[in-house]
Each structure stands twice: as structure tokens, then as C-alpha cells.
Amino acid sequence: MNFKRINNITGWIVCLIACTVYIMTMEATGSFWDCGEFVSSCYKLQIPHPPGAPLFVLMGRIFTIPFDPKHAATGVNLMSALASGFTILFLFWSITHFARKIVMKDATAMNGEKIFGVMAAGVVGALAYTFSDSFWYSAVEGEVYALSSFFTAVVFWAMLKWEQAVDEEQAEGIRGNFTRADRWIILIFYLMGLSIGVHLLNLLTIPAIVIIYYFKRYKATMSGTILAFLIGCLITGIVQKAVIVWSIKGAGAMDILFVNSFGMPFFSGFAFFFILLGVVLFFAIRLANKNNWNFLKLGLWSIIFMMMGYSTYFTTLVRSNANPSVDMFNVDNPVNLVGYLSREQYGDWPILYGQDFTAQPIDTDVQETYVKGKTKYEKTGRKVEYVYDAADKHFFPRMWDQSNDQGHADYYASWMGIGKDKQGGYERPPSMAENVGFFMSYQVNWMYWRYFMWNFSGRQNGDQGYYAWDPTAGNWITGIDAIDAGKIGNQEALPDFQKNNQGRNKYFMIPFLLGLFGMFFHYRKRPRDFAAIMALFIITGIGIIVYSNQPPNEPRERDYVLAGSFFTFCIWIGLSVVALWDMLNKSLKGAAAPVATILALSAPLLMVTQNWDDHSRAHHFASRDYASNFLNSCAPDAIIFTYGDNDTYPLWYCQEVEGIRTDVRVVNLSLIAVDWYIDQLRRAVNNSPAIEMSIPAEQLRGFKRVQTPYFAPGGEKEMDINRVLKFLAEDHKQESGGGRAFDTYLPTHKMSIPVNKQWF
């Protein structure tokens, strides 16, 4: 058999192994965190939290169809398991692509030993990722990260297929842009458009794709390579802003014009915008064809196909108009879709330039926004942004979050030894050196390097770690006591419950060292290919760390967002087989490839034997049972108040999917301050009656009563709570000291609640 057939068969065998492992170990029902929300959304085609995942929801619905309600989560978990297995397939083919280029340029002339070595490289690297800690965790639950990883793998593989197709065309004497090979690029942008409907992480492949394109189409230089990387980052930003946000923002503005000025129905301007965009793109392509502007033609077709993939978000608008039980952000109109995609409810943060946590706002930038009314859009919303003094802003602020609801500001101050003055403010702002120090020690070391070493060196236990104070939880280890003792103390003195913790996984740094060996070997043999992989490695690792600018003490571990970086490192673990083979070839000759394979296989074998016990969730029912117990403890037609994700999403899963106690109304206090959620509480949901509200919906729409000051001009007077609510529902304009007007105010702190004694 030739190389191509062996490559295909071996890849499918590895894929089958991965799928089997993930199906055997996938969660039995809905998991904690966002899984309950996503499974509920899939089962009834509902709307999950911003920025949404419409393609994930649509595919998840298909996978739930064969299952009864009690096992619907199995369908979504199965989708993740299969998507993860196919991620391994495309990773295998990517590794063999690079390995083949190292051992011989012409794959058809490869002998048996070389084919064996290339296949072994693919098997070792693919299985290492299969059994890696972070990827295995996402592969067995109903979350978006498994399907997102699949798109990352297939997009990167498709670019390698483009590269191979260009080689074939050049052998035929075909040169230039927009050849047959460039159809792979159009496919890539279509897949990226689809991936936006799952998660945005796939867009981070663009810089690596641009570098591969540059090396193949142009004469490479160091400055050109750097410029190509920067252009790739720029394209990533353009896609994220122009394609994802500005296109919908323009459509929303057009809809406001058509509805408010022309008296047309909702969505008329939205539809006109995309028809107009289609016409513009049509004539632009005709112009490019007429003038033989092939590069422009390639770009235009890429935009068209990306928009086609991105169009899955139209289903979000359709389903939100049906008012499902889970309808986050109430995306029933184009204007709300802008805020949904922009993640407005999560706020913003500085990345490369901004303020520190000690800075105080000197002003507010208030922008009036539109909210959908009964017949037109009403300008009752507001977007408020704080304005800071230019003297308080600088390059690369890493300690920025002044909110102290999770102790972020106090943590920054404690880390730097900054005390408070008599007025309760901080004694000084952090220096630039302290910002960089926090970036290196917390964001890079704790929030990236620790996760990286979890996957390729070892993990202390399954407990969440908290930075710089707890040596007993969440650290990375090597399994070599002499090394670990210097990091987290004498490991021989650990009590049995810590020594035998299922999450304690020791790889003795073997995967890490193999990856380094493969990395340096790849740089020496194929520096251009190495540069492309390194670009992907950096942008999906440190790039995410720089962009997210994480504050301290996250509510959960965040390693799952860095899986693309670990995916890339496993390419080098695979190439370590070729590196070992090259090193042993002179002394072992014909036996070098098998020996190198056996040595390198120690990495995935260690990983699977160490990780199986804490990654198998086949018998996990905790999330479902916890939520069921909460609901069943309630009286008929009760209201249960929840706060965070783990309070709420498992309850939604039990109600929306398994139909457990649908008479109980779940009220999430994290969302209770926004108008769309209050409106949803006014509706009956499943078997839960509507909640009566004292303040009418129009009095809470948009920015109205988001803040209500206390003001008692006639002095404190005791008032019945019903009178207070009636007063708050009325307009009593009140100017603030800063010149801001409030719709009403709280007239007293002294309130009484009438009680019917017969209730007790």
C-alpha cells in the first residue's frame, strides 16, 4: 500500500481509539458549570448566555433526538466525544504532514521504514493529546470546547491541504493567486464562519494560516515573517470586530431606520442590510473578475463564505421570538443581537493600554441606546463607560480591575504590599515593573504555565488552586520527589488521602521533554514549518493570556481555553519520534524507528494510565442529583433563588430536559437587575405561574431604575412596603449631585411589611 492509504487507515484507527475512550468515559448526565445550560438549550433549541452558540445548539438538538428526556444529555455528551475523536484524526494527519516533509519531500517514494516512522509520529502525538488532562476533560461533557477544538483542528489541517495542493500545482507549472488550491482557503473561511456559532477560539488559527500562505507564495525573510504574523493578528481583529460585530451593528442601525423613520415592521431594515451587502459583494466580484484582480477575488469569496457560515445566528433571533424558557439576553431583535454578540453584560477590560485598579473615574461617557418597544425602537437604554484621567493610564496595564466584589483590588494591593490611607483608598498606584511582575508571576506562570505542566509534567490533585498561598491544591508536579519537594514541600510526608487522590497524575516530565526535543529538532530541520506552528502555539497560549487580562482568584480553573496551545505542543511530541529516530539511526540502523517509537509511546501510555481514574465520568450523577434534591425539597409553585452558574444551570437542566418539578420557578439573582430577565419572570414558564410584579414593565425598560438613590426631603417616615413599591413605580425625577437625573428615588429606609397571621 502507498503512503496515502496507510496514512488514511492509521488515522481512522487512532480516531476510533479516541472516540472509544471518550464514549466510555463521558459524563452520564449533565455536568456542572455551563453544561446544564447548554444541554437545556440543545434539547429545546433555546438561547444560552452571550455570545451564544447557535451551531452547537442545532447540532446538539440532532444528537438528542434518539434519546428519551432522561438520557438527552447523553446525546450532547456523545457529540462532544465524537467531535473530540475527530479532532484527534485531523491532528494525526497534521503531524504526519510535517513528519513526511522532514523525512522525504516526495511521499510516493518513501520506503517501509520511513512510512513506519511517519505513522509512529502521528500516533504518538495524537494519542498524547487524546489523553491530555485539559482536552480529555472537555471531551466528555456537553460544552462548546470539544466542538470548538474540532474546528481548530480541521481548519489547520485544511491549510496544510492547501499547501500540499499548491505543491502539486507548482509541479504542473501552475502559478499565481486564486488557483484550484485556493478553494481550500475559501473552505477554511466557511468553516471559520461556522465555528463562530460554537466559540471564537477558532479564529486564533488565522495568524498561523497567514504565515503558511506567506511562505508558500512569497520569498521569505525574517522581516516578512514578522509582518505576516502581524497581518494575521490584524485579520483576526478585523474578523472579530467587522464581520462579527460591525455587520450586525450596521444591520441593527438599518432596522432602527426602517422601523422608526419609515414605519416598517421589525426586521425589515435588518433584511435589507444583508440584501444590500449581497448586491455590493456581487458587483465587487464582477469588478475583480473583469480586471483579473485575483487576490481581491479570493478575499471577497472568503468573506461571502464566512458570512454564510456565520448565518447560523439567524436561528438565535427566530428562537428568541418564540420566548423559550431559557432566553438569555432576549435576542428577539437585531439591536439586542449586537449586545449579545459583544458580550456587553460582561463589561470590558484594558488589554494594551488603560488604567490601574487604583485609578478613579473622572467622568462617565453615557451613550443612549435603543430598546425594542411595542411598535418601534425606544431610546431608553444607556451604555455607561467610565472615563479616566490620561495620567492614570499607561501601556500594558495588568492590574486593572477596581471592583472588589470578588476581592480583586485588595488582592492586587496585598500582592504588592500596598496599604490603605485614612480615607480607605490605596496609598499608591502600582508601578510598571509591578504590572509586568504580576503578568509574569500570575497570568503567565499561574494561569498558563501551571496548566501547561498539568498536561505534560503532572498534576498535584483535582482541587482548584489559589495563587501563592495554598501549596496543597492545584499545583503542577513532576512525580520526581526531589524536584517536587523544592516546589511544594516534602511529598513523602503527605497523608494517604493526598497521595491517593485520583487527580494526582505523574508523568515524570516525559511528555514535556519529548515535546521540547521535537520542537528543537523541527526548528533545525524545517524552520519555516516550525515558525507556522510556533505562531499557533503562541497565539493560542500567551496570546489568550494577554488578551483576557485575567484578574486574580477566578471562580474556576480556566485551562480549557488554552487547549489550542496544548494541541500544538502535541505536534512536537509526535515529531520527537522522528527526532529520536534520527539520533539513533547511526547506532541502531534498521531498528532505530521501532526503538524511537517505543521510547516516545511511553508518554501517551503514562498519560492514559494516570488520567483514566479522574477523567472517567461514566458514573457521575452529582450535578443532576444535586439539582433534583433542591427542586424536590420545595413546596408546590415555590420560588427558589439562585446566584451563580452551579446554583442555576443544573436546576435548568432538571426542569427543561428531565421535567423535574417544573412548577418551581428558578430566579437567578445575578440577572435580576436587567429588564429582559424581569420581563421573563412576568411570564408563565412550563408549569410555573407568572410572578406578579409591582412595577410595570415599561417603567423598568432599558436604563430606567437601574440605579435608584435614597432621598427623604421631609425626613424619615415609616412606610408600608406596598406604598414604597407604588412610589418607586411612579416618576419622581431627582437630580444627583453630578447633574445626573434619576427617574425616581427611595423615600425612606423605614419600611413595614403587613403580615396575615392566618398564614402561620
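Considering only residues of the range 7-19 that are touching a residue at least 60 places away in the same chain (Cβ under 8 Å) and open to solvent by 10 Å² or more (accessible area, probe 1.4 Å), which is farthest from T64 (Cα to Cα)?
N7
Is it the case that some residue within the range 459-468 is modelled with pLDDT under 90 and over 25 Å from the mean Cα position of the chain (by Cα)?
Yes, because at least one residue in the range 459-468 is modelled with pLDDT under 90 and over 25 Å from the mean Cα position of the chain (by Cα).
Mind telling me which of the residues I488, I480 ends up being in contact with a Pro (Cβ under 9 Å, 6 or more places away or on another chain) and of a type in the set (A, V, I, L, M, F, W, C)?
Answer to the check: I488.
Looking only at the range 631-638, decide whether some residue is free of Cβ contacts under 8 Å to residues at least 12 places away in the same chain, assigned to a loop (DSSP other than H, G, I, E, B) and among the hydrophobic types (A, V, I, L, M, F, W, C).
Among the residues of the range 631-638, at least one is free of Cβ contacts under 8 Å to residues at least 12 places away in the same chain, assigned to a loop (DSSP other than H, G, I, E, B) and among the hydrophobic types (A, V, I, L, M, F, W, C), which makes the answer yes.
Out of A242, A288, A271, report the one residue that is more than 25 Å from L341 (Cα to Cα), part of a helix (DSSP H, G or I), without any contact (Cβ under 8 Å) to a residue 24 or more places away in the chain and not aromatic (F, W, Y).
When all the criteria are applied, what remains is A288.
Output the number of the condition that P650 fails; it satisfies all remaining conditions of (1) touching a Leu at 6+ places or on another chain (Cβ under 9 Å); (2) open to solvent by less than 10 Å² (accessible area, probe 1.4 Å); (3) of a type outside the set (V, I, T); (4) over 25 Å from I510 (Cα atoms).
For P650, the failing item is (1).
Would you check if M453 is under 21 Å from Q355 (Cβ atoms), surrounded by 14 or more Cβ atoms within 10 Å (Cβ to Cβ), within 23 Å of the chain's Cα centre (by Cα) and modelled with pLDDT of 85 or more?
Considered against the rule, which asks whether it is under 21 Å from Q355 (Cβ atoms), surrounded by 14 or more Cβ atoms within 10 Å (Cβ to Cβ), within 23 Å of the chain's Cα centre (by Cα) and modelled with pLDDT of 85 or more, M453 comes out as no.
If you take the residues in the range 130-149 that are among the hydrophobic types (A, V, I, L, M, F, W, C) and part of a loop (DSSP other than H, G, I, E, B), which one is surrounded by the most Cβ atoms within 10 Å (Cβ to Cβ)?
V140
Of the conditions (1) assigned to a helix (DSSP H, G or I); (2) open to solvent by 50 Å² or more (accessible area, probe 1.4 Å), G237 satisfies every one except a single condition; which number is it?
Of the numbered conditions (1) assigned to a helix (DSSP H, G or I); (2) open to solvent by 50 Å² or more (accessible area, probe 1.4 Å), the odd one out for G237 is (2).
Could you tell me which of the residues Y412, Y426 is in contact (Cβ under 8 Å) with a residue 12 or more places away in the chain, open to solvent by 20 Å² or more (accessible area, probe 1.4 Å) and among the hydroxyl-bearing types (S, T, Y)?
None of the others qualify; the one that does is Y426.
N668 fails exactly one of the following numbered conditions: (1) touching a Ser or Thr at 6+ places or on another chain (Cβ under 7 Å); (2) farther than 16 Å from T648 by Cα. What is the number of that condition?
Going through the list (1) touching a Ser or Thr at 6+ places or on another chain (Cβ under 7 Å); (2) farther than 16 Å from T648 by Cα, N668 breaks only (2).
Check A390 against each of (1) of a type in the set (A, V, I, L, M, F, W, C); (2) open to solvent by less than 40 Å² (accessible area, probe 1.4 Å); (3) farther than 30 Å from F270 by Cβ and name the one condition it does not meet.
It is condition (2) that A390 fails.
Please work out if E113 is touching a residue at least 24 places away in the same chain (Cβ under 8 Å), part of a helix (DSSP H, G or I) and more than 30 Å from Q345 (Cβ to Cβ).
Taking the combined requirement at face value, the residue satisfies it.
Conditions tested, residue by residue: (1) open to solvent by less than 40 Å² (accessible area, probe 1.4 Å); (2) of a type in the set (V, I, T); (3) in a helix (DSSP H, G or I); (4) on the phi > 0 side of the Ramachandran plot.
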{"residue": "F521", "(1), (2), (3), (4)": "yes, no, yes, no"}
{"residue": "F537", "(1), (2), (3), (4)": "yes, no, yes, no"}
{"residue": "R556", "(1), (2), (3), (4)": "yes, no, no, no"}
{"residue": "V561", "(1), (2), (3), (4)": "yes, yes, yes, no"}
{"residue": "F567", "(1), (2), (3), (4)": "yes, no, yes, no"}
{"residue": "I571", "(1), (2), (3), (4)": "yes, yes, yes, no"}
{"residue": "L584", "(1), (2), (3), (4)": "yes, no, yes, no"}
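From (1) open to solvent by 40 Å² or more (accessible area, probe 1.4 Å); (2) within 40 Å of the chain's Cα centre (by Cα); (3) basic (K, R), pick out the condition that doesn't hold for R723.
The single condition R723 does not satisfy is (2).
Conditions: (1) among the aliphatic types (A, V, I, L, M); (2) under 27 Å from T316 (Cα atoms); (3) open to solvent by less than 10 Å² (accessible area, probe 1.4 Å). L45 meets all but one. Number of the miss?
So L45 meets the others, but not (3).
Just name the residue that is surrounded by the most Cβ atoms within 10 Å (Cβ to Cβ) out of those in the range 339-362 that are assigned to a loop (DSSP other than H, G, I, E, B) and hydrophobic (A, V, I, L, M, F, W, C).
Among those residues, the one meeting the criterion is F357.
Just a yes or no: is a residue in the range 570-591 closer than 22 Å to G237 by Cα, touching a residue at least 24 places away in the same chain (Cβ under 8 Å) and under 30 Å from the mean Cα position of the chain (by Cα)?
no
The values are calculated or read from the model by the stated rules, or taken from the named source; none is laboratory data. Quick caveat, the model's predicted, so the values are computed rather than measured. All Cβ positions, glycine included, derive from the backbone under ideal geometry; neighbour counts span all protein chains shown. What goes into the accessible areas is simple: the full protein's heavy atoms, side chains included, and nothing from ligands, DNA or RNA. Shrake-Rupley method; radii C 1.70, N 1.55, O 1.52, S 1.80 Å.
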